[in-house]
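Read the structure below first, then the notes.
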Amino acid sequence: MLRFASLGSGSGGNCLVAATGDTRVMIDCGLNLRDTERRLERLGLAPSQVCAILVTHEHGDHAGGVFDFAAAHSTRVYLTHGTLAALQAEGKAIEGVRVNLIRGREAFAVDSLAVTPFTVPHDAREPVQYVVSDGAAKLGVLTDIGTSTAHVQEVLSGLEALVLECNYDRDMLWSGAYPKWLKERIGGPFGHLDNRDSERLLGALDRSRLRHVIAAHLSQQNNRPELARAALARAMGCSDDWIGLATQDEGFSWRDC
Ligand SMILES: [Zn+2]
Ligand SMILES: [Zn+2]
């Protein structure tokens, strides 16, 4: 049985846990060590029960806590060469941590979990996102992507569960207080998806097996949960409250695929 939960989601830090049997991995760790440990405990997990961290890219809200956690708990770290180089350049890679270099689209296994990384357009050195599977069900995670691509749509079709970025509402972003350069970065082709982008992306997928759709990485300044859920519900043809929500403080609790 593939299970997953979130420790938190948003620009203040992202961390998701995927588990099958005794194999438990975190996708990203953008929270500090104590916060990560405390939130794992909320899910009934000890840090030593997490065997690996799959990193999507070097931005602090995804990678800020990766090496501290891995060094403290002997956790394996999987990341692309570009992500590692960026973290090394920032002085954030800690010697002695077991690092496994991966490439976009080259599948690998972490114990009994199959992992497929896939490339995305985002303003980082070599960003990827992930689909993980226990052999029966598949979970896809997609945040931090400026534009959807045919490749992304192919990889995310036919999944049982999808955690999907709904970063901002376009009107709220453009009428909000952010400086123009930041609005252009967020809204640009290497930035983030807005609610309508995510609705379109979801609408273009094979959704026939989807049992979980969760709106994630919502901006606290430029979005509202009800707008994100309504957008994804339109694509699914379901009620708004069927769409799950990953929050910054709580993430979301365990779901079974
Ligand atoms: Zn992010
Ligand atoms: Zn990012």
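The values are calculated or read from the model by the stated rules, or taken from the named source; none is laboratory data. Source: prediction; values computed, not measured. We place every Cβ from the backbone using ideal geometry, glycine too, and count neighbours over all the protein chains shown. What goes into the accessible areas is simple: the full protein's heavy atoms, side chains included, and nothing from ligands, DNA or RNA. Shrake-Rupley method; radii C 1.70, N 1.55, O 1.52, S 1.80 Å.
On the beta carbon distance between Met172 and Arg234, with R0 = 25 Å, the FRET formula returns roughly 0.90.
Site pair Asp256 and Ser157 shows an inter-label distance of 3.1 nm when each label is modelled 7 Å from Cα along Cα→Cβ. Partner lysines whose Cα lies under 29 Å from the Cα of Lys92, excluding those fewer than 8 positions away in the same chain, are identified as Lys183.
So what's the back-of-envelope 222 nm ellipticity for the chain, counting only DSSP H runs of four-plus at -39500 (n - 2.57) apiece and dividing by all residues, rounded to 500?
On the way: 9 runs with 73 residues, N = 257.
Calculated at 222 nm, the ellipticity per residue is -7500 deg cm²/dmol.
Roughly how large, in nm² to one decimal, is the mean projection of the convex hull of the alpha-carbon atoms in the chain? List each step's numbers first, then the result.
Values: hull surface 48.9 nm².
If you wrap the Cα atoms of the chain in a convex hull and average its projections, you get 12.2 nm².
Shown here is the pair-distance distribution of segment 119-257: with all Cα-Cα distances grouped in 5 Å bins from zero up to the longest one, the shares run 2, 11, 21, 24, 21, 14, 6, 2, 1, 0 percent. Okay, which of segment 82-120 sit inside 15 Å, backbone N to the point 7 Å along the Cα-Cβ direction of Arg209? The answer is 114-116.
Extending 7 Å from Cα along the Cβ direction at Arg105 and again at Arg34 yields two label points whose distance is 4.5 nm. Residues in the chain average 41 Å² of solvent-accessible surface per residue, probe 1.4 Å, ligands and nucleic acids excluded. Express as a percent, rounded to the nearest 5, the fraction of DSSP beta bridges in the chain (both residues included) that run antiparallel. Within the chain, antiparallel bridges account for around 55 percent of the total. Treating each Cα of segment 95-184 as an identical point scatterer and summing with the Debye formula, the log10 of I(q)/I(0) at q = 0.16, 0.17, 0.21 Å⁻¹ comes to -0.77, -0.83, -1.06. Note on Asp68: accessible area is roughly 80 Å² with a 1.4 Å probe, heavy atoms of protein only.
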